[in-house]
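One structure is given here, and the rest of the page talks about it.
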Amino acid sequence: MDVLTVATRGGRLAIAQTEIVISVLKKIHPDVQIKIKKVTTEGDRDKRTALWKLKTSGFFTSQVEDCLLAGEADFAVHSFKDLPTRQREGLTIAAVCDRQFAEDCLITADSVSSIDQLRAAAKIGTSSLRRVVQLRRLREDLEPTPIRGNVLTRIRLLEERKFDAIILARAGMERLGLGEKVSFCFDPKQFIPAPAQGALAIQTRSGDAATSKLIAAIDDKVARTIAFAERQILVTTQCGCHAPVGAFAKIDGDDIEICAFVSDLEAENFVRREITGPVVEAGKLAEKIANELLEAGGKEILKKLER
């Protein structure tokens, strides 16, 4: 078999995630040879701009997709939450996998086990408006502050006491072997994560049937159903990729439960809804709850955010 090339960002977390995918692939296709091609994205170059100030989508994915479309790689590995909801022409999501941890977690300079134990007016590093508004609902005195850089950079800034705490996705901490640094994890139904957070998306060219078939062997149907249901919230609301919107889905037997929210920047107008129904209707249920969010005030919230 020819050697396959996988495109990915070059950071430690991106490489760790890519190695997870390679390991799973080789269990099914032990003879396949895979080499990693590291790609520098716009998000890797711009380490200063707060993510919520960005006007473009695909900040961490476009250059990786360019590489795949140009034939410089056979497939690509992404954090699914980073991919724009509109699929690039000529590309397809051949597999979704490794959705083990959807929740956010808090890493603190001092040992705490709940948000209530943080000092008054604690400075919390986060690059997400979704996290900012939920923090404000938990404690109005906290000071969410923009932070950029990879996971290790953010932990270093915390250790240097530039922040009292930082919020990160638990999946990234676990994949880097840093789970012991987590102070506590948020309940994803109460502190709702980004749609598809924790899931890995493996992308191939639509016309490359052989590679797509090979990659499809590692597709996790449960992870795919959950991730696409959560992302349907973004599709239906047509919100920007950095709007304060969250979604979390969980399958229980033959049913799927979906909770989602949309909020203004001050967390004064916070609209949350949840729905449960047959998992075979996951997409329709997600669309329904998204429309409920819009009708309950989300439409006006998102219009104001676009100004």
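Cβ contacts < 6 Å: first residue free of Cβ contacts under 8 Å to residues at least 40 places away in the same chain, restricted to the range 175-202; second residue part of a loop (DSSP other than H, G, I, E, B), any location; separation 6+ or different chain. Result?
Nothing qualifies.
If you go through the range 83-91 one residue at a time, do you hit one that is at pLDDT 95 or above and small (Gly, Ala, Ser)?
Initially, the range 83-91 is screened for residues at pLDDT 95 or above, giving 89-91.
Subset that is small (Gly, Ala, Ser): 90.
Checking the range 83-91: at least one residue is at pLDDT 95 or above and small (Gly, Ala, Ser).
In the range 202-216, is there at least one residue being in contact with a Cys (Cβ under 8 Å, 6 or more places away or on another chain) and in a strand (DSSP E or B)?
First, the residues of the range 202-216 that are in contact with a Cys (Cβ under 8 Å, 6 or more places away or on another chain): 202.
If we keep only those that are in a strand (DSSP E or B) too, we end up with 202.
Yes - at least one qualifying residue is present in the range 202-216.
Limited to the range 274-289, what total is found for residues that are within 20 Å of Gln190 (Cβ to Cβ) and crowded, with 19+ Cβ neighbours inside 10 Å?
Residues flagged as within 20 Å of Gln190 (Cβ to Cβ) and crowded, with 19+ Cβ neighbours inside 10 Å within the range 274-289 amount to 2.
I'd like to check something: does the range 197-205 contain any residue that is surrounded by 15 or more Cβ atoms within 10 Å (Cβ to Cβ), hydroxyl-bearing (Ser, Thr, Tyr), modelled with pLDDT of 95 or more and not assigned by TED's automatic domain parsing to the domain that holds Pro244?
Taking the range 197-205 first, the residues surrounded by 15 or more Cβ atoms within 10 Å (Cβ to Cβ) are 197-205.
Restricting the remaining residues to those that are hydroxyl-bearing (Ser, Thr, Tyr) gives 204.
Still in the list and also modelled with pLDDT of 95 or more: 204.
Checking the rest, the ones that are also not assigned by TED's automatic domain parsing to the domain that holds Pro244 come to 204.
Looking for residues that are surrounded by 15 or more Cβ atoms within 10 Å (Cβ to Cβ), hydroxyl-bearing (Ser, Thr, Tyr), modelled with pLDDT of 95 or more and not assigned by TED's automatic domain parsing to the domain that holds Pro244, one finds at least one in the range 197-205, hence yes.
Could you list all residues from the range 232-273 that are acidic (Asp, Glu), in contact with a Phe, Trp or Tyr (Cβ under 9 Å, 6 or more places away or on another chain) and in contact (Cβ under 8 Å) with a residue 24 or more places away in the chain?
At the first step, the residues of the range 232-273 found to be acidic (Asp, Glu) are 252, 254-255, 257, 264, 266, 268.
Still in the list and also in contact with a Phe, Trp or Tyr (Cβ under 9 Å, 6 or more places away or on another chain): 257, 264.
The answer is Asp264, and nothing else.
Which one of Ile275, Ile258 is in a strand (DSSP E or B) and under 19 Å from the mean Cα position of the chain (by Cα)? Step through it out loud before you land on a result.
On the way: Ile275 fails: under 19 Å from the mean Cα position of the chain (by Cα).
None of the others qualify; the one that does is Ile258.
State which residue pairs qualify: first residue free of Cβ contacts under 8 Å to residues at least 60 places away in the same chain and over 20 Å from Gln117 (Cα atoms) and inside the range 153-173, second residue crowded, with 20+ Cβ neighbours inside 10 Å and of a type in the set (Gly, Ala, Ser) in any location, beta carbons under 8 Å apart, and separation of 6 or more residues or different chains.
That search, which allows pairs on different chains as well, returns Arg154/Gly125; Leu157/Gly125.
Quick grid of which residues meet (1) within 15 Å of Val21 (Cα to Cα); (2) touching a residue at least 12 places away in the same chain (Cβ under 8 Å):
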| residue | (1), (2) |
| --- | --- |
| Ala210 | no, no |
| Ile218 | yes, yes |
| Ile226 | no, yes |
| Glu230 | no, yes |
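For the range 119-134, how many residues are over 18 Å from the mean Cα position of the chain (by Cα) and closer than 20 Å to Pro188 by Cα?
Taking the range 119-134 first, the residues over 18 Å from the mean Cα position of the chain (by Cα) are 119-124.
Retained after the next criterion (residues that are closer than 20 Å to Pro188 by Cα): 124.
Summing the residues that are over 18 Å from the mean Cα position of the chain (by Cα) and closer than 20 Å to Pro188 by Cα in the range 119-134 gives 1.
Need the failing condition index for Leu168 against (1) closer than 18 Å to Asn291 by Cα; (2) assigned to a strand (DSSP E or B), just the number.
If we test Leu168 against (1) closer than 18 Å to Asn291 by Cα; (2) assigned to a strand (DSSP E or B), just (1) comes out false.
What residue, of Thr108, Thr153, Thr85, Thr126, is assigned by TED's automatic domain parsing to the domain that holds Thr40 and hydroxyl-bearing (Ser, Thr, Tyr)?
From the options Thr108, Thr153, Thr85, Thr126, the qualifying one is Thr85.
Can you spot a residue in the range 230-242 that is modelled with pLDDT under 95, small (Gly, Ala, Ser) and either touching a Leu at 6+ places or on another chain (Cβ under 7 Å) or surrounded by 15 or more Cβ atoms within 10 Å (Cβ to Cβ) (or both)?
yes
Do we find that Ala227 is in contact with a Lys or Arg (Cβ under 6 Å, 6 or more places away or on another chain) and outside any strand (DSSP E or B) in this structure?
Spelling it out, it is not the case that Ala227 is in contact with a Lys or Arg (Cβ under 6 Å, 6 or more places away or on another chain) and outside any strand (DSSP E or B).
Residues checked against (1) crowded, with 19+ Cβ neighbours inside 10 Å; (2) modelled with pLDDT under 95; (3) within 21 Å of Leu176 (Cα to Cα):
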residue	(1), (2), (3)
Leu106	yes, no, yes
Leu118	yes, no, no
Ala122	yes, no, no
Gly149	no, yes, yes
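The values are calculated or read from the model by the stated rules, or taken from the named source; none is laboratory data. This one's a predicted model, so the numbers in the text were calculated from it and none came from an experiment. Virtual Cβ from ideal backbone geometry, glycine too; neighbours counted across all protein chains shown.
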